[in-house]
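What follows is a set of notes on a single structure, which appears directly below.
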Amino acid sequence: MTVELQHPMKADATPEEIARGRFTSGIRSLILNDLAADMRAAYDRRAAPAFAKEHGHEPETSREAHQALRGDPAFNIYSAMRVQAQKMVWASVADSVEREADRLSDEAKKASDAPGSLILDPDLDVPKNVHAIDVHLMPGSYTRGADSLEAGAVYDRGLAVFSMGLMGANLDDIGLSMSQYIKQRFPDFAPERILDTGCTIGHNTLPWKQAYPEAEVIAIDAAPGPLAYGSARAKMQGQEVHFQQMCADDLGFEDKSFDVVWSSMFLHELSKKQRAKAFEEAYRVLKPGGLIIHMELPPNEQMGAFDGFYLDWDSYYNNEPYYKGYRDEVPADLCKNAGFAADTFFDFVVPSIGIYGEDAVAEAAKGDRAEGVGQETTGRLAEGVMWYGYGAFKK
Amino acid sequence: MSDDKLRPEDASPSLYDDQGNARFFADPAMDRFVAVVMNLAQEVWVQEERLLALEAEKTGKSADPEAKVKEFIDRVFAPIREA
């Protein structure tokens, strides 16, 4: 199903556009649930044994699972259909965004006096990985339409189709699940200043303001258009968030000035060098006792060959060049190398709050925290999704 | 906007065609035909949904489009299951 956005910038779509979106969500559901299961069965029955016959052992890594699957009919049909479905996601919203450009501006103006702010930096050198490729096959990437509302609207409306309802009504399930998990697990932790890095349109920023209403929440991204859209979107929803155009690996904030540095589905879009720098910057701006907390894809080291490659697929075929490199890194090392003490590191799996409910999140916060990292449902946008996260405290 | 230089380190050029698009089938035309079949199914669904709306207007009974689209997709794509 396509989610109906919860603010005035939602599409005034034609019946044809609604039908196209519905079909796209439906076909993605077939691919990501049914065809994914078919591919797994073909891997066990055919691809892995053939690989073992040739190499003398079963595939042991994501890379070897990829080798085993290349050319297999189930892999071919899954992959070709997934690529086309991804293109259909963005195509299904492009017309309405273009047609409604003026109305979007008018709606944003109406909300402009609400609390919150937007600071763009026209001199910022937007990194190549943000503008030079169509990230996840999104035409024009995050810089489409420069600092207009276009890229943000395409992203917001596209995610409503892409997510098949699994990211919540306000596309904020990740932020809601994670912030509630942290609140439950660390009930005495009361952050006063929270930073979201690589926030895109701030859809997973807003839950932190909801979880900690007294905190000042600042959200940064390198791309100006999604920030402008995100600022208007937050204001329309009555959430005071301060958006600033800035790169996570070069933060324009003072040392020891935040209690939380957060990101969601962001680190895999950075090069290895940018990522290491972003961790160092997070460490620098955190106060002692502050928390770095990231929601991301689970790492390859905690998954089997097939499940690892299932996630790495995007790196090769969905214009996510750094995805596999990120997943090959070890979260505990990323934190440790930036200065966080090893004994403050923790990783965990949170059941989606929208699917499993608040009690399940509270239960997870009390239970065996890393349980389920290697499960099929962890990190996969499919039925029963659970989110992987990790963090560390600055001493 | 496409830049074929930004790829994972171990991505073999053979994974892509000469324009940088992902390729899967031995015959590259198949990759394009898959996309055509999906577009065609989408356009048939658009017409189906319009018909459902007209029928609902006429009869006063509306069908659940989410259940209908699932049935439609399952039926059309049944031959590619369990490949």
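The values are calculated or read from the model by the stated rules, or taken from the named source; none is laboratory data. Source: prediction; values computed, not measured. Positions of Cβ are generated from backbone atoms using ideal geometry, with glycine treated the same way; all protein chains shown enter the neighbour counts.
Per-structure values
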{"quantity": "Filter result (among the charged types (D, E, K, R) and modelled with pLDDT of 95 or more) within the range A:334-357", "calculated": "A:Lys336, A:Asp343"}
{"quantity": "Condition met for A:Ser105 (within 23 Å of A:Glu16 (Cα to Cα), more than 8 Å from chain B (Cβ to nearest Cβ) and part of a helix (DSSP H, G or I))", "calculated": "no"}
{"quantity": "Selection from the range A:13-23 of residues that are at the interface with chain B (Cβ under 7 Å from one of its Cβ atoms) and not small (Gly, Ala, Ser)", "calculated": "A:Pro15, A:Glu16, A:Arg20, A:Arg22, A:Phe23"}
{"quantity": "Tally of residues being surrounded by 21 or more Cβ atoms within 10 Å (Cβ to Cβ) and modelled with pLDDT of 95 or more across the range A:165-210", "calculated": "28"}
{"quantity": "Strands (runs of 3 or more DSSP E) within the range A:232-312 that include 3 or more residues among the β-branched types (Val, Ile, Thr) and touching a Ser or Thr at 6+ places or on another chain (Cβ under 6 Å)", "calculated": "none"}
{"quantity": "The listed residue being assigned to a helix (DSSP H, G or I) and closer than 23 Å to A:Ile292 by Cβ, out of A:Gly158, A:Gly175", "calculated": "A:Gly175"}
{"quantity": "Scope the range A:119-152; condition over 18 Å from the mean Cα position of the chain (by Cα), part of a loop (DSSP other than H, G, I, E, B), more than 9 Å from chain B (Cβ to nearest Cβ) and hydrophobic (A, V, I, L, M, F, W, C); matching residues", "calculated": "A:Leu120, A:Leu124, A:Val126, A:Ala146, A:Leu149"}
{"quantity": "Among the candidates A:Asn76, A:Asn33, residue that is at the interface with chain B (Cβ under 7 Å from one of its Cβ atoms) and assigned to a helix (DSSP H, G or I)", "calculated": "A:Asn76"}
{"quantity": "Single residue of A:Ser264, A:Ser257 found to be out of contact with any Asp or Glu (no Cβ under 9 Å at 6 or more places or on another chain) and more than 14 Å from chain B (Cβ to nearest Cβ)", "calculated": "A:Ser257"}
{"quantity": "Residue in the range B:16-25 that is among the acidic types (Asp, Glu), within 30 Å of A:Arg327 (Cα to Cα) and more than 9 Å from every other protein chain (Cβ to nearest Cβ) present", "calculated": "yes"}
{"quantity": "Residues of the range A:272-319 satisfying the condition of being within 14 Å of another protein chain (Cβ to nearest Cβ), more than 21 Å from A:Gln67 (Cβ to Cβ) and free of Cβ contacts under 8 Å to residues at least 60 places away in the same chain", "calculated": "A:Lys272, A:Lys273"}
{"quantity": "Candidates B:Glu55, B:Glu48, filtered to the one that is closer than 16 Å to A:Ile18 by Cα, more than 7 Å from chain A (Cβ to nearest Cβ) and either of a type in the set (Lys, Arg) or not in a loop (DSSP other than H, G, I, E, B) (or both)", "calculated": "B:Glu48"}
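One line per residue, one yes/no per condition, for (1) surrounded by fewer than 17 Cβ atoms within 10 Å (Cβ to Cβ); (2) at the interface with chain A (Cβ under 7 Å from one of its Cβ atoms); (3) assigned to a loop (DSSP other than H, G, I, E, B):
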site: B:Asp10; (1), (2), (3): yes, yes, yes
site: B:Phe33; (1), (2), (3): yes, no, no
site: B:Val36; (1), (2), (3): yes, no, no
site: B:Ser62; (1), (2), (3): yes, no, yes
site: B:Lys68; (1), (2), (3): yes, no, no
site: B:Phe72; (1), (2), (3): no, no, no
